[in-house]
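The values are calculated or read from the model by the stated rules, or taken from the named source; none is laboratory data. None of these values were measured; they are calculated from a predicted model. For neighbour counting, all protein chains shown are included, and Cβ atoms are generated from backbone atoms with ideal geometry for every residue, glycine included. What goes into the accessible areas is simple: the full protein's heavy atoms, side chains included, and nothing from ligands, DNA or RNA. Shrake-Rupley method; radii C 1.70, N 1.55, O 1.52, S 1.80 Å.
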Amino acid sequence: MARSALMRHSRLYQRLLDGSLRQQRDLATVLLGARGERVVSRWLDEEVAKVDDPAYVRLFTDHVELPGVAPADYAHRLVETSHGALLGGIRFYGRDVERPFVDVVAHDFDDLDALRRSVHREWSTFRVAFARLRGRPGAVDGQRVLADHGVYLARYCDMPPPDGRVSLAPFATAEAAVDLVRRRYERVAADAPALGRNLAPADADDLRQWHAAGRLTSIVVGDDVVGAFAVAPGRIGWIEGEEIQEEVVDAGHAGHGYAASAQRAWAAGEADRGDRFLVGTVDAQNHASRRTAARAGRSCVLEDVFLLLP
């Protein structure tokens, strides 16, 4: 169903807003005040537009070719059943076509098993095993529910002051950052294969662009470069802010809280934009990064979970 058609069915549109998105609307009001609900509604408009957007479909078809899958299958879908309605679309975890899942953007199902059956039936072409939902932390739990990511944020002005343990400085070359990041992810993959399968380093070209824009810094302790930290304007769902694009501490210097110190040092340098959010996602298995976010004053406001499908 095209966005224009959905908007003509305002009852159905309102059902999605009043269903699983109610938690996010409430959060938006806390974070953004009176304009919060409008922000979530505009974001939902954008997601609905993906139902019939050829440009969105090409983001998949330009890179993915799966047997038996038509180009239109990659578009978002609006599904209405006797148990509820949902808006969702196919995704590939870590861009791996062997790990498909359905991202349920919004729904109003009361019965999660009915939601599971609907997703399984509608996207059967992709042989998906999981559907992903986003809500407030702990809102969706129980059997056959697996944690995926948390969305962590704080306003710059609310973060603790720097602790003075690290300084931030430009890398001498972008390639030095690329090499450091590559080595760290290789180490993670070797030491923690399950976590390493979920994580991927920032693209080398992106690192080079952030370096040129002054958005990529080294984390320095004494005279030693111990890590890399990159922040750039971004958006996670409807939440806009300064997004942590990359953050690594070399294995030989891990465990000392330097990443949290780097976040606090960065925030202090952004004092003129103190009302902006520093936001980022953290894998549920990445316990070190979850502790880092907490030490830097960033709390988990939303959580992605996977529902195991029939």
Counted residues, region 156-193 - those being of a type in the set (S, T, Y), within 23 Å of the chain's Cα centre (by Cα) and farther than 18 Å from N286 by Cα: 1
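Out of region 1-20, which residues are at pLDDT 80 or above and open to solvent by less than 70 Å² (accessible area, probe 1.4 Å)?
L12, Y13, R15, L16, L17, D18, G19, S20
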The listed residue being open to solvent by less than 60 Å² (accessible area, probe 1.4 Å), over 25 Å from V64 (Cβ atoms), in contact (Cβ under 8 Å) with a residue 60 or more places away in the chain and within 17 Å of the chain's Cα centre (by Cα), out of Y93, Y152: Y152
Residue identified as under 18 Å from W123 (Cα atoms) and at pLDDT 95 or above among G88, G33, G68: G88
Which numbered condition F130 misses (of (1) surrounded by 17 or more Cβ atoms within 10 Å (Cβ to Cβ); (2) over 23 Å from the mean Cα position of the chain (by Cα)): (2)
Among the candidates G280, G269, G257, G222, residue that is at pLDDT below 95 and either in contact with a helix residue (DSSP H, G or I) (Cβ under 8 Å, 6 or more places away or on another chain) or surrounded by fewer than 17 Cβ atoms within 10 Å (Cβ to Cβ) (or both): G269
Cross-chain or 6+ apart pairs with Cβ under 8 Å, region 202-227 first and closer than 11 Å to F171 by Cβ, then open to solvent by 70 Å² or more (accessible area, probe 1.4 Å) and part of a strand (DSSP E or B): S218/V225; I219/V225
Unique match (being in a strand (DSSP E or B), among the small types (G, A, S) and out of contact with any Leu (no Cβ under 7 Å at 6 or more places or on another chain)) among G234, G214, G255: G234
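Has region 113-121 got at least one residue that is in a loop (DSSP other than H, G, I, E, B) and crowded, with 16+ Cβ neighbours inside 10 Å?
no
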Criterion violated by V231 - all others in (1) over 24 Å from A172 (Cβ atoms); (2) touching a Lys or Arg at 6+ places or on another chain (Cβ under 7 Å) satisfied: (1)
Region 290-310, residues that are crowded, with 20+ Cβ neighbours inside 10 Å and assigned to a helix (DSSP H, G or I): T292, A293
Output for region 160-180, where each listed residue is among the hydrophobic types (A, V, I, L, M, F, W, C) and over 14 Å from A262 (Cβ atoms): A172, A174, A176, V178
Scan of region 160-175 for residues that are surrounded by 15 or more Cβ atoms within 10 Å (Cβ to Cβ) and either part of a helix (DSSP H, G or I) or at positive phi (or both), ordered by number: A174
Filter result for S41 (assigned to a helix (DSSP H, G or I) and among the polar types (S, T, N, Q)): yes
When residues of region 194-211 are limited to those that are surrounded by fewer than 16 Cβ atoms within 10 Å (Cβ to Cβ), at pLDDT below 95 and assigned to a helix (DSSP H, G or I), the one farthest from the chain's Cα centre (by Cα): A194
Conditions (1) in contact with a Leu (Cβ under 8 Å, 6 or more places away or on another chain); (2) open to solvent by 50 Å² or more (accessible area, probe 1.4 Å); (3) modelled with pLDDT under 95; number of the one not met by D62: (1)
Any hit, region 23-30, residues being more than 28 Å from L153 (Cα to Cα), hydrophobic (A, V, I, L, M, F, W, C), surrounded by fewer than 18 Cβ atoms within 10 Å (Cβ to Cβ) and at pLDDT 95 or above: no
Of all residues in region 96-112 being touching a residue at least 40 places away in the same chain (Cβ under 8 Å) and open to solvent by 30 Å² or more (accessible area, probe 1.4 Å), the one that is nearest to R25 (Cα to Cα): D108
